[in-house]
Amino acid sequence: MFTRKIDLLLKSQIKFPATDIEQAGALGEDLAFEQLQGMLKGLKCKAKIFRSVRVPKGQGSGKYEIDLLLISQAGILVIEVKHWSGHIFYENGAWGQQRGSDKKAHPDPVALNKDKLMSLRQWL
């Protein structure tokens, strides 16, 4: 039942032209999707993979985007794909990226994924 609900949600989304960064992120998501699909075939697992699922935020307004959502009899898996390059690190409770001498801080993708999963759970 909920796979039908997610299918309807995906069909109702408006598509806009992608920026270069979004195209690079989409390529990473495509690669992750193909790898996941290959793994499932090898395991002969009955599962459905959804891409770019937007779910209402559990708290406040707006929506989250779930890059890849795998639904099987065993459970639900939410996968976040990042287009980060360079040295990725977790230090003193924060995620960071270093490319050459440039350092950039990033929000915690694990905490973000947890929020997405909780919102998905509330929505379903």
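The values are calculated or read from the model by the stated rules, or taken from the named source; none is laboratory data. Quantities reported herein were computed from a predicted structural model and do not represent experimental measurements. So basically every Cβ, Gly included, is an ideal-geometry build from the backbone, and we count neighbours across all protein chains shown. For the accessible areas, the whole protein counts, side chains as well, though only heavy atoms, and no ligand, DNA or RNA atoms are used. Shrake-Rupley method; radii C 1.70, N 1.55, O 1.52, S 1.80 Å.
For the range 72-91, taking the residues that are among the hydrophobic types (A, V, I, L, M, F, W, C) and over 12 Å from ALA105 (Cα atoms), the one that is most open to solvent (accessible area, probe 1.4 Å) is identified as ALA74. GLY96 meets the conditions (1) surrounded by 14 or more Cβ atoms within 10 Å (Cβ to Cβ); (2) in contact (Cβ under 8 Å) with a residue 24 or more places away in the chain in every case but one. The failed one is (2). Look at (1) at pLDDT 85 or above; (2) open to solvent by 60 Å² or more (accessible area, probe 1.4 Å) and you find that ASP20 fails only one, number (1).
If you go through the range 38-53 one residue at a time, do you hit one that is of a type outside the set (A, V, I, L, M) and closer than 13 Å to SER119 by Cβ?
No, the range 38-53 contains no residue that is of a type outside the set (A, V, I, L, M) and closer than 13 Å to SER119 by Cβ.
Going by what's in this entry, would LYS48 be described as among the basic types (Lys, Arg), at pLDDT 85 or above and outside any helix (DSSP H, G or I)? Yes: the conditions hold for LYS48. When the criteria are applied in full, SER72 fails the requirement of being over 29 Å from LYS41 (Cβ atoms) and hydroxyl-bearing (Ser, Thr, Tyr).
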